[in-house]
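Asks: Before I ask anything, here is the structure I am working with.
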Amino acid sequence: MPVLTQFVPSGPSGRSVVNHDLSRLFAAVTSARVADRQARGRLRWDDPFRPDAYRLASSLRAYARALEGYRLPVPPVIRDELRLRSGLPL
């Protein structure tokens, strides 16, 4: 059994904590992605310094870190998008 970096109680209550945490982070990613797509329509789409681009990159990073913290795999789509956005200054 792998060692978790964050304590998660075993049983149904522990699983719901993980699900709640990951669901909240995924909702933040989804919201940031929508805002980024809307902003690309208004501004130059190739401008990497938009606030919405920063928000999406930070949401993706937080979601990936949470998945890794729970010893869950990061989906390839998320991992690839993080690589593409890694050039954004923090």
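Each value in this text was obtained by applying a stated rule to the coordinates, not by laboratory testing. Note that the structure is predicted; figures quoted are calculated from it, not measured. Neighbour counts are summed over all protein chains in view; Cβ atoms, including those assigned to glycine, are modelled from backbone coordinates with ideal geometry.
Asks: Could you give the size of the charge dipole of segment 51-90 about its Cα centre, using +1 on the Cβ of each K and R and -1 on the Cβ of each D and E, expressed in debye and rounded to the nearest 20? Write down the numbers at each step before the final one.
Replies: Values: 7 positive and 4 negative charges, 22 e Å.
Approximately 100 debye in magnitude.
Asks: Let me see the pair-distance distribution of segment 51-90: every alpha carbon pair, 5 Å bin width, integer percents in order.
Replies: Answer for segment 51-90: a P(r) of 6, 26, 33, 22, 11, 3, 0 percent.
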